[in-house]
């Protein structure tokens, strides 16, 4: 990534795999300002996430990150009780106004809907079209447009799950096999005490996803947030691949995300 930054700019980056994603056998994080090394501070985020805070003077800020991750299995499932975590991801949020979708979800999806059927409904309902949404587009606006990118598919799925009483959250991931390649957004829904990963776009196999950040919606998982100053993104490139062939995925088999 390359940014043009003003004096006193502070960026919070979420681009490193979460600490729970697996064993990092190779990792390199390089930040330079006009070709000179710049300081980076790492902070712990939620759900094993890793925040990198970059402070910069004016100039051309370049950020390069590479890693090799050996996946581990997901940790033990939480209990079925309505605990603090479940309540957090039942509440409406900035991009997922589930409280405004309760009536629609009840009529359109019916009383016996599941997280899987909601993800399938969104997959069938929306067209995947880049450029049809912006940084402030909510799940309601995506529903009206019937189109969007991965974060829009995820937001609508999350909002509908919450409207039907299913805790749901967004996971930002690296997604080998994704075309066009980019950061990817998927959904985790709590089903029978387990956080199951759903991809309503069905654009990448779920078993090879690598968690970066987790939160209520895209407001919690943005790859870069300007905390002070001003930063203009000039160039951007993401790549992700697996050793060997990509795994197959029917998007119906339960999958958890480490």
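The values are calculated or read from the model by the stated rules, or taken from the named source; none is laboratory data. No experiment lies behind these values; they were computed from the predicted model shown. Cβ placement follows ideal geometry from the backbone for every residue including glycine, while neighbour counts extend to all protein chains displayed.
Just to check your reading of the model, which residue among 180, 176 is more than 21 Å from residue 164 (Cβ to Cβ), free of Cβ contacts under 8 Å to residues at least 60 places away in the same chain and outside the structural domain of residue 14 (by TED's automatic domain parsing)?
One residue alone meets the criteria, 180.
Determine whether the stretch 167-185 contains at least one residue that is at pLDDT 95 or above, surrounded by fewer than 16 Cβ atoms within 10 Å (Cβ to Cβ) and part of a loop (DSSP other than H, G, I, E, B).
No: zero hits.
Looking at (1) over 18 Å from the mean Cα position of the chain (by Cα); (2) outside any strand (DSSP E or B); (3) within 28 Å of residue 252 (Cβ to Cβ), find the lone condition where residue 99 falls short.
(3)
Residues that are surrounded by 17 or more Cβ atoms within 10 Å (Cβ to Cβ): which strands (runs of 3 or more DSSP E) entirely in the stretch 1-96 hold 2 or more of them?
2-5, 9-13, 22-33, 50-56, 59-71
Any chance the stretch 209-220 includes a residue that's in contact (Cβ under 8 Å) with a residue 40 or more places away in the chain, out of contact with any strand residue (DSSP E or B) (no Cβ under 8 Å at 6 or more places or on another chain) and either farther than 21 Å from residue 85 by Cβ or in a strand (DSSP E or B) (or both)?
Within the stretch 209-220, none of the residues are in contact (Cβ under 8 Å) with a residue 40 or more places away in the chain, out of contact with any strand residue (DSSP E or B) (no Cβ under 8 Å at 6 or more places or on another chain) and either farther than 21 Å from residue 85 by Cβ or in a strand (DSSP E or B) (or both).
Take the conditions under 26 Å from residue 242 (Cβ atoms), touching a residue at least 12 places away in the same chain (Cβ under 8 Å) and either outside the structural domain of residue 91 (by TED's automatic domain parsing) or in contact with a strand residue (DSSP E or B) (Cβ under 6 Å, 6 or more places away or on another chain) (or both) and apply them to residue 186. Does it pass?
In short, yes.
Identify the single condition in (1) out of contact with any strand residue (DSSP E or B) (no Cβ under 7 Å at 6 or more places or on another chain); (2) farther than 26 Å from residue 1 by Cα; (3) surrounded by fewer than 18 Cβ atoms within 10 Å (Cβ to Cβ) that residue 194 does not satisfy, given that it satisfies every other one.
(1)
Could you run through the stretch 109-134 and say how many residues are assigned to a helix (DSSP H, G or I) and more than 20 Å from residue 167 (Cβ to Cβ)?
Here the count works out to 3.
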